[in-house]
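See below for the structure under consideration.
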Amino acid sequence: MSTDVSGMIECRPGARLWGPDDEDSVWEVGIDLFLLNRGNAYDGLACLFGIRNSYGFRPLAEDRGFPDDASDRLRAEFAGYGGPHDVHGTTWLTWAELDTTDWQETNASGTRTCASAAGIDTDWGRVWSVMDILSEVHGAENVRLVVWFH
């Protein structure tokens with residue numbers, strides 16, 4: 001049985017303007033992952049999220065759950081997949097975390113790097129480019145990728 005990934009990039013435009021604790025600093029959907037990522041290569045899912053991690057990566061963002069402060073549009077999209085009862089894993093990570101990632105870290109066997117599994121030269125590269133651009137406008141802590149697996 002295969003594993004697919006779905007999700008969205010969100011940003012919090014108000015946080016840059018009014019601060020992250022302001023009532024108008026809410027998360028907004030930026031773009032659906034489907035429009036940017038053409039694949040679900042398991043080595044990338046393992047490196048990033050710990051899914052199908054027979055590769056032995058130390059995942060960047062494993063099993064964090066669905067964000068409590070997710071945007072209404074993201075909640076609706078997630079519900080369309082059946083929500084927490086019909087997916088097997090939900091997590092998220094910010095651009096700030098990705099921007100400080102050691103992409104040369106290897107898996108347990110030392111044969112694969114995070115860069116080769118999910119770096120800028122993989123199908124994830126387009127996702128990282130969009131997140132990078134959004135972070136220039138809204139700040140690295142105010143851009144995140146939320147994903148779930150089915």
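Computed from label points 7 Å out along Cα-Cβ, the spacing between Glu62 and Asp132 is 2.8 nm. Across the stretch 34-43, computed HN-Hα scalar couplings (Karplus, 6.51 cos²θ - 1.76 cosθ + 1.60, θ = phi - 60°) run 3, 6, 10, 10, 8, x, 10, 3, 5, 5 Hz from first to last residue, x flagging Gly and Pro. When peptides 65-78, 89-102 are ranked by their average number of other Cβ atoms within 10 Å per residue, the highest-first order is 89-102, 65-78. Spin-label model, Ile31/Ser109: points 7 Å from Cα along the beta carbon direction are separated by 3.4 nm. In this structure, the amide hydrogen of Gly30, modeled 1.01 Å from its nitrogen in the peptide plane, lies closer than 5 angstrom to those of Ile9, Glu10, Cys11, counting only residues at least 5 positions away or on a different chain. Simple spin-label estimate for Asp121 and Thr3 gives 2.5 nm between the two label positions (7 Å along the Cα-to-Cβ direction from each Cα).
Extension gain for the segment Tyr42 to Arg75, taken as residue separation times 0.36 nm less the Cα-Cα distance, is 9.3 nm to one decimal.
Values in this text are rule-based calculations from the coordinates and carry no lab data. These numbers were taken from a predicted model, which means no experiment stands behind them. FYI the Cβ positions are ideal-geometry reconstructions off the backbone, even for glycines, and counts take in every protein chain you see.
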